[in-house]
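Below is one structure, written out as structure tokens; comments come after it.
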Amino acid sequence: MNRRSALGVFGLASLAALAPRAFAQDDGKPSVPASAPDAKASAKLLSNPISLAQWSLHRRFGFGKPEERAKNPADPMDFAKITKEEFGITRIELVNQFYAGRIGEKSLGSEFRKRCDDLGVKCELMMCDGEGLCGSADKAARAQFAANHEKWLAFAKEIGCHAIRVNAIGEGNANEQKIRCADGLVKLLAVAKPYELNVIVENHGGLSSDGAWVVDVMKLVADRQRCGTLPDFGNWRDGSGKLIDPVRNVALVAPYAKGMSAKSYDFDGNGNETLLDYPAILDVVAKSGYKGAIGIEYEGKRMSEHDGILATKAILERFGCKA
């Protein structure tokens, strides 16, 4: 199961329970990106480091639709090398699926860490999917969800990450999922405590694509010091797939952010993202006080993965971020 198909399995109950209040304030039309002068003004406010999310290269690493995958997939162990040498970026965000085949090997963490250290590359976080339902209706299943992540916590700790990213997806209506997901996160935080790692939630489909709902979950989690959000600029879609006010939703969850995902889909001739209002979104990021890395996650198909990553890097640098 890949990162996106997991949502198809786990998100059905969530999509059915989407609360109308989450989407009542927007007409569903994507914002038009502002021009370069606005970017110049915002650049004074941002100095965040840039990282690269591994999913930006998922086709190169052999994931995605069969016809889109690389004929000779790259080795995920070379992710740090590719990131630095090809894109000039020295921070990375891993996806657990690319290492599932080796996770039981004792040498995996030390080998990956050495490759990063030799290149001067820092691991920021690991995105974890496919390890159960955070907000399952079954309490025992929520405990199993937490236990399933321990192997990834150990790996993430060894390679120098500060967090793992999980999905707040559950069963039941919106309120039931809220309570159950909070409980699943509390259980996971207990497992993560010895590793001194943060547990962060991305807006990644279902109810988690409603910023207000995510905030409610954060407020229910007892250990807010270690729990936070990973705002994705573009994953704010309702049950029909319509993009819903990314600026407002990022603003809601940004105060809890311990990571940030610069989603991108396509760019015009001036280097502006065509679906997302980057000037407004990055202004929200600046005003939130978030100082951590902003991870590039290119998901477009018109441009190659390589070109899309470089275009996203360019727009972040225009706003003052540093590779």
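The values are calculated or read from the model by the stated rules, or taken from the named source; none is laboratory data. None of the values given here were measured: they were computed from a predicted structure. Using ideal geometry, Cβ is built from the backbone for each residue, glycine included, and neighbour counts are taken over all protein chains shown.
Within region 306-320, the set of residues being in contact with a Leu (Cβ under 6 Å, 6 or more places away or on another chain) and buried (at least 22 other Cβ atoms within 10 Å of the Cβ) comprises Phe319 only. Filtered by the rule that a residue be over 27 Å from His162 (Cβ atoms), of a type outside the set (Lys, Arg) and in a loop (DSSP other than H, G, I, E, B), region 220-248 gives Asp238, Gly239, Ser240, Gly241, Ile244, Asp245. Condition check for Val199 on (1) touching a Lys or Arg at 6+ places or on another chain (Cβ under 9 Å); (2) touching a residue at least 40 places away in the same chain (Cβ under 8 Å): one failure, at (2).
For region 89-96, the criterion of being among the aliphatic types (A, V, I, L, M), part of a loop (DSSP other than H, G, I, E, B), touching an Asp or Glu at 6+ places or on another chain (Cβ under 6 Å) and surrounded by 14 or more Cβ atoms within 10 Å (Cβ to Cβ) is met by none of the residues. Taking the conditions (1) free of Cβ contacts under 8 Å to residues at least 60 places away in the same chain; (2) assigned to a helix (DSSP H, G or I) in turn, Met126 satisfies each one other than (2).
Would you mention how many residues in region 149-174 are in a helix (DSSP H, G or I) and either free of Cβ contacts under 8 Å to residues at least 12 places away in the same chain or of a type in the set (Gly, Ala, Ser) (or both)?
Counting residues in region 149-174 that are in a helix (DSSP H, G or I) and either free of Cβ contacts under 8 Å to residues at least 12 places away in the same chain or of a type in the set (Gly, Ala, Ser) (or both) gives 3.
If you filter region 221-270 down to residues that are within 27 Å of Glu305 (Cβ to Cβ), β-branched (Val, Ile, Thr) and over 15 Å from the mean Cα position of the chain (by Cα), you find that the one that is modelled with the highest pLDDT is Val247. On the given criteria, is Val186 over 18 Å from the mean Cα position of the chain (by Cα), of a type outside the set (Lys, Arg), surrounded by fewer than 24 Cβ atoms within 10 Å (Cβ to Cβ) and in a helix (DSSP H, G or I)? Considered against the rule, which asks whether it is over 18 Å from the mean Cα position of the chain (by Cα), of a type outside the set (Lys, Arg), surrounded by fewer than 24 Cβ atoms within 10 Å (Cβ to Cβ) and in a helix (DSSP H, G or I), Val186 comes out as yes. Considered as a group, the residues in region 175-193 that are of a type outside the set (A, V, I, L, M, F, W, C) and touching a residue at least 12 places away in the same chain (Cβ under 8 Å) include one that is nearest to Glu124 (Cα to Cα), and that residue is Lys193. In region 128-163, the residue that is surrounded by the fewest Cβ atoms within 10 Å (Cβ to Cβ) out of those that are of a type in the set (Lys, Arg) and closer than 19 Å to Tyr195 by Cα is Lys151. If you check Lys71, Lys81, Lys114 for being over 19 Å from the mean Cα position of the chain (by Cα) and under 26 Å from Leu316 (Cα atoms), only one passes: Lys81. So for region 92-102 (the condition being within 16 Å of Tyr195 (Cβ to Cβ) and out of contact with any Ser or Thr (no Cβ under 6 Å at 6 or more places or on another chain)), does at least one residue qualify? Checked region 92-102: at least one residue is within 16 Å of Tyr195 (Cβ to Cβ) and out of contact with any Ser or Thr (no Cβ under 6 Å at 6 or more places or on another chain).
The set of residues from region 189-198 being farther than 14 Å from Ala168 by Cβ and in a helix (DSSP H, G or I) comprises Ala190, Val191, Ala192, Lys193, Pro194, Tyr195.
Just to be sure, is Ser264 among the polar types (S, T, N, Q) and in contact with an Asp or Glu (Cβ under 8 Å, 6 or more places away or on another chain)? Criteria met by Ser264.
Scanning region 211-220 for residues that are over 15 Å from the mean Cα position of the chain (by Cα) and touching a residue at least 24 places away in the same chain (Cβ under 8 Å) yields Ala212, Trp213, Val215, Asp216, Val217, Met218, Leu220.
Filtering Lys263, Lys301, Lys291 for residues that are part of a loop (DSSP other than H, G, I, E, B) and either free of Cβ contacts under 8 Å to residues at least 12 places away in the same chain or farther than 19 Å from Leu45 by Cβ (or both) leaves a single hit, Lys301.
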